[in-house]
Structures are given as C-alpha cells and as structure tokens.
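Student: Here it is: the structure, laid out below.
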Amino acid sequence: MVTGPEDGPVVTSFDESTLKTFPATLELLEARGILTPTVTLDQLRPFLTTAQRAVADQIMNLDPRDYGVHTPYAGDLEPVPANLVKVVGQQYTEHGQQHTIGEKYVPRHIFVAYVRMNAAFMAEHRKRRLLIQSCYRSPAYQVVVFIDWLVSFYAGNIAKTIRHASPPRYSQHTIASKAAIDFRNIDGSPSSGNLEGFKDTVEYAWLRQHGEEFSFYESWPEGNKYGMRAEPWHWQYRSST
Ligand SMILES: [Zn+2]
C-alpha cells in the first residue's frame, strides 16, 4: 500500500547536522561494495543512524507536487527484478584520463533495445558509443541518489533537488518495465561539473533524431511542462506494445 504523503505535513528541510553525516556513510557503504544500484533498504538500514533512517524514510515519501514539480507518478514500489543485465567495464576518457564506469543494471528487454540502438549509432559514428551511466535503480538506491544530489550539489535544498532527482515512486529509474537510461559519452559528458554540456554532443543530436525508433524518449526536454530541469542525457524506454 502506498502511504499518502499528502496526509502528512510537507517536509521543508532536513536536519542539517544529519545531512552532514551522509557523505562519510555513503563512502563507507561504497568501500564495502554495498552501494550498488540493486541495494535494498534492508541492506542499507544497519549502516544508518536513527536520524539518517528518518531522513531516508521521509525522502521515500516526498511528493514532488508539494514543491511545485509535476513529475508523473512512475509506479508503486517493486522488488528488485530478476531479469537485470549487469553491465561492467564501460570506459571513457576525460581530461586525458581513463575512467571505468561502475556496475550498472539494465532490464533485459531494455538492454536488447539499447544494444540495437548503440549498434545503429556506432554505424554512423565509428569509434564512439553510447555508454550507460545509469539505468535501473532500486528504491533504496534512488533514495541514496537523491541524498547525494541533495547534500553535495544542492546544499540541502529539497525544492531544487526534486527538480533533478525524484523520490522512488516518481523516478523513471525504479520501474523496471520502462526504466530510463542516463547516457554518457566516451569523452565523459555529461560530467557532474558540466551537465548541460551533453546538449552539444553528437550523441545527443543523434538521440534526438533516432532515439524514438528504438523506443527511447527524452523525458525532460528544455522547458518541459513538469517543471523538471532539462536532462538531455535521460531517455526513458517506452515500448509501444
Ligand atoms: Zn535519469
């Protein structure tokens, strides 16, 4: 059952001293290999303080509409699906340095569509490819992603964060049947320091022209009616059947 977030008071901010504790906790979880896109809340909880758990629970139940953002409801929370394809070893080069993207998980039917699309892209742009920066995320991982942007990018401001990262029930990354892919290119764009730069890449131009042929749609274009910030790298998979 979905608890009605609209029943409770709107959360205007989180306790600042609790937010400050998250980076160290997330670092520890990362170091222990727990922080993967398929992590469950049960796996996370033992590592969180009572105050951190309270923040995580509140984020789980935030309603974007309370902050003037009209992200469509994505779906009720689902268990981590069994048909995920694990993608490892993707590499890009940024400022002359080679990086390897950590493990990513893609529902099988979306992976099949992605492989076809990437092949078509590579037929036109030899030596380039569409990398998967993110795809499926468990509800718990989506909460972690939200906390990460909230703390390290938006200085605790919920209204700004929620235009960028959605709570699990509103995230297009947590519903396996129609999960979105966040793309990255082999030059590392978008980078956290230059998210907008992806708009000027050949990958974005190609996706705009051909994405829909492979059932990938740009969810949050510039000036979208939902009030989400533009995310040219974020393409949702939507099968027509
Ligand atoms: Zn995304």
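A short reminder: the numbers here are calculations on the coordinates, not readings from a lab. The shown structure was predicted, so the numbers you read here are calculated from the model rather than taken from an experiment. Cβ atoms come from the backbone with ideal geometry, glycine included; neighbour counts cover every protein chain shown.
To keep it simple, each residue is scored yes or no on (1) more than 12 Å from the ligand (Cβ to nearest atom); (2) of a type outside the set (A, V, I, L, M, F, W, C); (3) out of contact with any Cys (no Cβ under 6 Å at 6 or more places or on another chain); (4) not in a loop (DSSP other than H, G, I, E, B).
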{"residue": "Val143", "(1), (2), (3), (4)": "yes, no, yes, yes"}
{"residue": "Gly156", "(1), (2), (3), (4)": "yes, yes, yes, no"}
{"residue": "Ser166", "(1), (2), (3), (4)": "no, yes, yes, no"}
{"residue": "Arg169", "(1), (2), (3), (4)": "yes, yes, yes, yes"}
{"residue": "Gln172", "(1), (2), (3), (4)": "no, yes, yes, no"}
{"residue": "Ser177", "(1), (2), (3), (4)": "yes, yes, yes, yes"}
{"residue": "Ile181", "(1), (2), (3), (4)": "no, no, no, yes"}
{"residue": "Gly188", "(1), (2), (3), (4)": "yes, yes, yes, no"}
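Student: Give the residues of segment 215-238 that are surrounded by fewer than 19 Cβ atoms within 10 Å (Cβ to Cβ), away from the ligand (no atom under 13 Å from the Cβ) and not charged (D, E, K, R), sorted by residue number.
Tutor: Of everything in segment 215-238, those that are surrounded by fewer than 19 Cβ atoms within 10 Å (Cβ to Cβ), away from the ligand (no atom under 13 Å from the Cβ) and not charged (D, E, K, R) turn out to be Pro221, Gly223, Asn224, Tyr226, Gly227.
Student: Can you find even one residue in segment 195-202 that is more than 16 Å from the ligand (Cβ to nearest atom), without any contact (Cβ under 8 Å) to a residue 24 or more places away in the chain, within 23 Å of Phe22 (Cβ to Cβ) and assigned to a helix (DSSP H, G or I)?
Tutor: Scanning segment 195-202 turns up no residue that is more than 16 Å from the ligand (Cβ to nearest atom), without any contact (Cβ under 8 Å) to a residue 24 or more places away in the chain, within 23 Å of Phe22 (Cβ to Cβ) and assigned to a helix (DSSP H, G or I).
Student: If you don't mind, there's one more thing I want to ask. Can you tell me which residue is nearest to Tyr136 (Cα to Cα) among those in segment 30-41 that are of a type in the set (A, V, I, L, M) and within 18 Å of the chain's Cα centre (by Cα)?
Tutor: The selected residue is Val39.
Student: Please enumerate the residues belonging to segment 220-240 that are part of a strand (DSSP E or B) and within 13 Å of the chain's Cα centre (by Cα).
Tutor: Initial filter on segment 220-240 (part of a strand (DSSP E or B)): 234-237.
Result: His234, Trp235, Gln236.
Student: Against the condition surrounded by fewer than 22 Cβ atoms within 10 Å (Cβ to Cβ) and within 12 Å of the chain's Cα centre (by Cα), how does His164 come out, does it pass?
Tutor: Numbers: surrounded by fewer than 22 Cβ atoms within 10 Å (Cβ to Cβ): yes; within 12 Å of the chain's Cα centre (by Cα): yes.
Criteria met by His164.
Student: So, one more: Within 10 Å of the chain's Cα centre (by Cα), crowded, with 16+ Cβ neighbours inside 10 Å and of a type in the set (D, E, K, R): is that true of Arg137 in this structure?
Tutor: Criteria met by Arg137.
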